[in-house]
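One structure below.
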Amino acid sequence: MLNVAYAIGTRPEVIRSARVLRLMVEHPSIDVTIVNTGQHYDDNMLGGFLRELDVPKPNVNLGVGSGDAVLQTATVMERFGRVLVEHRPDCVCVFGDTNSTLAAGLAAVKAELPLVHVEAGCRSFDMRMPEEVNRRAIDHVSSLLLPVSQLGAENLRREAVAGSVEIVGDPQFDVFSRQPQRVGNSERTRGLITIHRPENADDPQRIRLILDDIAAADAEVDWVFPIHPRTRRSIGAVPSEIELCDPLLYAQLLETLFEARICVTDSGGLQKEAFWARVPCVTVRSTTEWMETVQAGANVLAQPGQNLIAAVTSSLALTLTEGYENPYGDGHGSEQIVDAIVRWAEAQRAELSTGDTSRPNA
Ligand code: UD1
């Protein structure tokens, strides 16, 4: 049996891990301990997704909750570290780039356990983003790195990471492609907005500027803005074209996306979901880790007060019905992830039994 401790803690980790965790729980030679850090705790940020996506129930809940990034990271490290002492898994699996990812990954390495990083190699090349710091740090202490595209693998090669690298399909695409796929048929022109990154959401003036620019681009669009708790703290009055609502569950969000003519976001995941749904995307950031979507002509980076109005206007005129390649796999990335972990663990065991311990954390 391969004992895996798998950390989740935020909305994106739950969505993207949904199928991987289901496969792990059902795998005959894996015994998985799912540890929920509790970084996200509202039902509409985490619990609702666990139920909706039939994610196996976490075995351990750390109940970390909100706090500044230092406290949040330190608390996850401490509590996750105690779980590792108690359970002594053969390896620890983390996903993506959140504070939970960093903290659980560092705790694993400090406990001298091999670390597997799913969605390794993502790079925005913007070190002001907490996620860029998290993912770089984790990539350089991981033993097995599983990038979800060729570009991710190239980034890892360029940085000469110490662990083994294997490209797998994107498990987010697995989950997306198993949801009902629709064609929008709304008579009105609809648009979807999500803004939650600290650099956009924490400053009330900036969020107002972003929303004013979006509304100014085309008065005919009915915008829906499911609002993240971080953004709710700073948002004031919004233009009348924009309707605010609580965060949506996954199926509701995709339904809204499929009905939309355009998506304006600063989320990482929604850039790819818009790309797969063939909805033109405007990303309110100066960089993105999902450059493939920009290169395909489906996503454009924009800043308020600069090119945001023009980007929304031109994206509204865009039609993405023609095919473009999906660089994120064929919908079976989760199987590839589980398979890669099992093969890698077997190879580790074989190396250990022959006395070769040259790999990191072996
Ligand atoms: C985190 C991730 C980000 C991811 C996002 C998805 C990091 C560094 N960032 O950002 O990559 O895109 O999750 O949502 O880990 N809050 C609640 N209820 C909740 C969760 C959060 O009220 O269930 C509020 C709290 O006031 C908290 C704030 O939102 O302080 C921010 O939450 P936090 O987990 O620190 O980061 P996110 O902005 O959600």
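Charges at C-beta only: +1 for Lys and Arg, -1 for Asp and Glu. How large is the resulting dipole of the chain about its Cα centre, in Debye rounded to 20?
That gives a dipole near 500 debye.
Which number do you get for Rg(Cα) / (2.2 N^0.38 Å) in the chain?
For the chain, the normalised Cα radius of gyration is 0.99.
Based on the mean of other Cβ atoms within 10 Å per residue, sort peptides 328-337, 265-274, 38-47, 315-324 so the most packed one is first.
Numbers: 328-337: 21.1, 265-274: 23.1, 38-47: 18.5, 315-324: 12.5.
In descending order of packing, they fall as 265-274, 328-337, 38-47, 315-324.
At 1.4 Å probe radius, can you tell me the per residue accessible area of segment 213-301 in Å²?
Using a 1.4 Å probe on heavy atoms only, each residue of segment 213-301 averages 33 Å².
With a cut-off of 17 Å, note down the residues of segment 80-112 whose backbone N falls inside the zone around a label point 7 Å from the Cα of L352 toward its beta carbon.
84-93, 108-112
Averaged over every viewing direction, what's the projected area of the C-alpha convex hull for segment 236-349? Give it in nm², one decimal, please. Intermediate values should be presented prior to the final figure.
Working: hull surface 40.4 nm².
The directionally averaged projection comes out at 10.1 nm².
With every protein chain left in place, what is the accessible area of E159 in Å² (1.4 Å probe, nearest 10)?
Looks like 50 Å² after rounding.
Calculate log10 I(q)/I(0) of segment 271-319 for q = 0.18, 0.22, 0.25, 0.29 Å⁻¹, where I(q) comes from the Debye formula with a single equal point scatterer on each Cα and nothing for solvent.
Values returned for q = 0.18, 0.22, 0.25, 0.29 Å⁻¹ are -0.48, -0.71, -0.90, -1.15.
Between E26 and D126, what is the label-to-label distance in nm when each label sits 7 Å out along the Cα-to-Cβ direction?
For E26 paired with D126, the spin-label model returns 3.9 nm.
Please give the contour-minus-distance gain from E187 to Q303: 0.36 nm per residue of separation, less the Cα-Cα distance, rounded to one decimal in nm.
This chain segment gains 38.8 nm when fully extended.
Send over a whole-number figure in Å² for the accessible area per residue of segment 60-175, probe 1.4 Å.
38
If one computes the Cα centroid of segment 1-21 and of segment 28-101, what distance in Å separates the two points?
Rounded to whole Å, the Cα centres lie 8 Å apart.
I want to check the label-to-label distance for D203 and S240. Put each point 7 Å from Cα in the C-beta direction and report it in nm to one decimal.
Rounded to a tenth, the inter-label distance reads 2.9 nm.
Summing -39500 (n - 2.57) over the DSSP H runs of n ≥ 4 in the chain and dividing by its residue number, what mean residue ellipticity at 222 nm do you reach, to the nearest 500 deg cm²/dmol?
Value at 222 nm, helices only: -13000 deg cm²/dmol.
Calculate the length of the line joining the C-alpha centroid of segment 316-330 to that of segment 150-228, in whole Å.
Cα centres, segment 316-330 to segment 150-228: 15 Å.
Using the C-alpha gyration tensor of segment 239-284, what are the square roots of 5 times its eigenvalues, in whole angstrom, with the largest one first?
Details: eigenvalues 52, 35, 23 Å².
The equivalent ellipsoid of segment 239-284 has semi-axes of 16, 13, 11 Å.
Share of the chain's accessible area from carbon and sulfur, percent, 1.4 Å?
Summing carbon and sulfur atoms, their accessible area is 51 percent of the total for the chain.
With only Lys, Arg, Asp and Glu charged, each at its Cβ (+1 for the first two, -1 for the last two), find how big the charge dipole of segment 1-139 is about the Cα centre; round to the nearest 20 debye.
It works out to roughly 60 debye.
Each residue of segment 327-333 in order: what ³J(HN,Hα) in whole Hz does its phi give by Karplus 6.51 cos²θ - 1.76 cosθ + 1.60, θ = phi - 60°, with x for Gly and Pro?
So the J values, rounded to whole Hz, are x, 10, x, 10, x, 10, x.
Work from the charge dipole of the chain (Cβ charges, +1 for Lys and Arg, -1 for Asp and Glu, about the Cα centre) and give the residue of G355, M45, G191 farthest towards its positive end.
Farthest towards the positive end: G355.
The values are calculated or read from the model by the stated rules, or taken from the named source; none is laboratory data. The structure presented is a predicted model; accordingly, all values stated were derived computationally and were not measured. Here Cβ is always computed from backbone atoms with ideal geometry, including for glycine, and neighbour counts include all displayed protein chains. SASA here: full protein model, heavy atoms, side chains in, ligands and nucleic acids out. Shrake-Rupley method; radii C 1.70, N 1.55, O 1.52, S 1.80 Å.
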